[in-house]
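Data block below; observations after.
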Amino acid sequence: MAVRILIHITCRLLVRRLGCNLLNALIDHVYNLDKRLRGDNIESNPASLWIPSERVAIHRIAKPTAPRRKWLGLVPWILEEKILQPAEKTHFVIGHDATDELVDVFAVSKDDLSTWANVARNAGFAPIQMTPDYFALPWEEGRISVAWREGYFLVRHSLSEGFSAKPDLAWAMIESLLSDAKIPPRLSISVPDAEIIPQHLRDQAEVNNAFLDWQMIDMGSEVNLLSGDYRPILKGSQVSLWQLNIAALAITVMLLVAYFNVLSTNLLRDLSAIEGHLTSSFDHVFRGQKVSPEQMQTAGLKEITRLKIQGRILNTEPIAALISLGELMNNCDCNLVALKADQHQITIHLEGGKKLLARNLSIEGYSLNIERATDKTDEFIMVIRPESTS
């Protein structure tokens with residue numbers, strides 16, 4: 001029971017510390033945010049936003065031979081002659097693998113991303129995901145889905161490919177998709193007025209007047225344009241992978257402490273029962289000289305003390321050092337790869353964290369050393385030891 005209460009309290013504090021509940025995030029189109037009135041709440045609510053697909057370009061490129069984590073740095077050079085604006089003004093996102101040899105890359109103007117983020121903030125929302133709105137259409141193999149969005153047609157023709165265009169251009173592109181296909185795909189069109197569909201397409205299409213309810217469509221794991229420098233950070237709670245791992249480690253330590261506390265309580269109760277049983281048995285066997293209760297209590301307390309000392313497997317020094325690391329690692333732009341702690345030292349393996357080299361790192365009562373990992377210039381090893389053992 002005590003462990004359950006501890007878990008409940010810890011989880012509530014952790015959720016409050018992180019500052020939001022992403023399960024309650026709003027889902028809507030960015031064009032609908034101007035219809036919402038901002039309340040008096042100073043904190044921004046998280047929001048997942050559909051953004052206009054006509055402002056996003058999709059490129060399908062051959063997979064670079066470099067490791068995947070380095071692809072994003074190579075994409076601007078690969079697409080330099082294919083994009084309409086300078087690469088430094090364009091934000092790139094690696095999408096899903098199209099085939100074993102090809103991968104999708106999404107390109108969007110940094111100015112557009114900033115504009116949409118400002119629109120969301122002015123409406124009282126903090127964007128945590130931005131996804132091209134053609135992903136709102138259903139997809140199945142062998143079908144082209146088309147829907148209407150205030151002067152534009154949204155078209156989705158594969159798992160990751162689609163577009164948004166004015167009617168005349170959209171019909172031409174749809175006809176091109178139909179003519180290029182070895183097996184003509186089925187065509188589903190959702191439009192408020194079927195008269196705007198060319199007759200030859202209307203004859204072969206499944207037509208209905210359904211509309212897109214942006215708030216009811218699940219984004220799922222579709223591409224999120226908020227990555228890299230645009231990774232969502234909610235105001236008042238700069239949540240990073242480092243902090244989440246530290247929080248998880250702290251919860252684990254507290255649960256261990258609670259477990260041993262409950263175990264110690266049960267042990268005390270069992271020892272009291274054994275003490276009473278031994279005293280009663282002694283009275284029955286030895287009718288002469290008796291051991292006083294004080295002597296039995298003294299012997300029992302000594303045994304309890306000895307057992308408690310044997311049960312102290314948690315050292316307070318690593319926990320104290322981990323608490324101090326909370327402020328030390330704030331805004332370090334690093335991710336935790338591995339952490340090993342014992343009574344002698346804490347060894348932390350970090351990815352990124354160049355900012356730490358420029359800081360004067362110190363923890364009172366501990367010696368701290370940070371150096372680059374062997375043959376990996378973007379990874380670091382940090383070792384923390386109590387000064388008495390360094």
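Of all residues in the stretch 91-137, which are polar (S, T, N, Q) and either part of a loop (DSSP other than H, G, I, E, B) or buried (at least 19 other Cβ atoms within 10 Å of the Cβ) (or both)? Within the stretch 91-137, T99, Q129, T131 meet the criteria. Cβ-Cβ distances below 9 Å connect the following pairs, each with a first residue in the stretch 73-101 that is without any contact (Cβ under 8 Å) to a residue 12 or more places away in the chain, a second residue that is loosely packed, with under 13 Cβ neighbours inside 10 Å and among the charged types (D, E, K, R), and a separation of six or more residues or different chains: A87/E80. Only one of the listed residues (A66, A87, A47) is out of contact with any strand residue (DSSP E or B) (no Cβ under 7 Å at 6 or more places or on another chain), surrounded by 13 or more Cβ atoms within 10 Å (Cβ to Cβ) and modelled with pLDDT of 85 or more. That residue is A87. On inspection, G300 passes the criterion of being modelled with pLDDT of 80 or more and either under 30 Å from S280 (Cβ atoms) or in the same structural domain as S280 (by TED's automatic domain parsing) (or both). Among the residues of the stretch 224-247 satisfying the criterion of being assigned to a helix (DSSP H, G or I) and more than 16 Å from E351 (Cβ to Cβ), which is modelled with the lowest pLDDT? Looking at the filtered set, the residue picked out is A247.
Taking the stretch 328-357 on its own, how many of its residues are out of contact with any His (no Cβ under 8 Å at 6 or more places or on another chain) and within 28 Å of P67 (Cα to Cα)? Break it down stepwise before answering.
Applying the first criterion (out of contact with any His (no Cβ under 8 Å at 6 or more places or on another chain)) to the stretch 328-357 yields 328-335, 340-357.
Those left that are additionally within 28 Å of P67 (Cα to Cα): 329, 331-335, 340, 347-357.
Of the residues in the stretch 328-357, 18 are out of contact with any His (no Cβ under 8 Å at 6 or more places or on another chain) and within 28 Å of P67 (Cα to Cα).
Has the stretch 248-261 got any residue that is surrounded by 12 or more Cβ atoms within 10 Å (Cβ to Cβ), in contact with a Lys or Arg (Cβ under 7 Å, 6 or more places away or on another chain) and outside any strand (DSSP E or B)? Checked against the condition, which is being surrounded by 12 or more Cβ atoms within 10 Å (Cβ to Cβ), in contact with a Lys or Arg (Cβ under 7 Å, 6 or more places away or on another chain) and outside any strand (DSSP E or B), the stretch 248-261 yields no hits at all. Would you call I370 farther than 17 Å from A248 by Cα and part of a strand (DSSP E or B)? Yes.
Residues are listed down the side, and each one gets a yes or a no for (1) at pLDDT 75 or above; (2) exposed (fewer than 15 other Cβ atoms within 10 Å of the Cβ); (3) at negative phi; (4) in contact with a Phe, Trp or Tyr (Cβ under 9 Å, 6 or more places away or on another chain):
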residue	(1), (2), (3), (4)
E294	yes, yes, yes, no
T305	yes, yes, yes, no
E327	no, yes, yes, no
C332	yes, no, yes, yes
A341	yes, no, yes, no
I346	yes, no, yes, yes
A358	yes, yes, yes, no
S362	yes, yes, yes, no
R372	yes, yes, yes, yes
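The values are calculated or read from the model by the stated rules, or taken from the named source; none is laboratory data. Remember, it's a predicted structure, so these values are computed and weren't measured experimentally. Reconstructed Cβ throughout: ideal geometry from the backbone, glycine too, with neighbour counts over all protein chains shown.
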